[in-house]
1. Which of the residues belonging to the range 91-114 are in a helix (DSSP H, G or I) and surrounded by 14 or more Cβ atoms within 10 Å (Cβ to Cβ)?
2. Across the range 1-31, what is the number of residues that are surrounded by 10 or more Cβ atoms within 10 Å (Cβ to Cβ) and at pLDDT 70 or above?
3. Of the residues in the range 33-68, how many are acidic (D, E) and at pLDDT 90 or above?
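The values are calculated or read from the model by the stated rules, or taken from the named source; none is laboratory data. Every value quoted in this text rests on a predicted model; they were computed, and no experiment measured them. Quick reminder, even Gly has a Cβ in these numbers, built from the backbone with ideal geometry, and neighbours come from all protein chains shown.
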Amino acid sequence: MAEEKNDNETTENVVSEAEALPKAIVRRVVKDKLSQLSTGSEITVLRDSFLAFSESTRIFIHYLSATANDICKESKRNMINAEDVFKALEEIDFPEFIGPLRDSLEEFRQRNAGKKQSKAKETNTNAKRKEPPPSEPSEGRNKRQVVENEDEDNSD
């Protein structure tokens, strides 16, 4: 029975580690936000606090994604879209996140639209270029052809 408990704990630790957010990113986000909020003095954050931020974020993401999934299923669809996430935020009582999230999403789409346009231009430019003429066969290939020809002559 003790072995069963250890196996469960190990499995939970592995699952938890696999789902954990990158510590460096959590640390950077927390410190950036705290530096915006505190003027004058720097706030020290203990290691346990970063773990609490990370775990809280992971739980929030699970809860939000499960709610968005339910909204998607109610609409008889199999793919969650941004509107499902916005509705889920409202449903779990975080409507104040919707405005900033919409703005951020729009900015992301505009940035990527610019990237897509420049990538399409690059693709068109590459297609317009002439392909280089076929190169001469390599020396190794020539030797192989000579050997094959000699074998055919010897077999006669």
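1. Matches in the range 91-114: E91, F97, I98, L101.
2. Within the range 1-31, residues that are surrounded by 10 or more Cβ atoms within 10 Å (Cβ to Cβ) and at pLDDT 70 or above number 11.
3. So the answer is 2.
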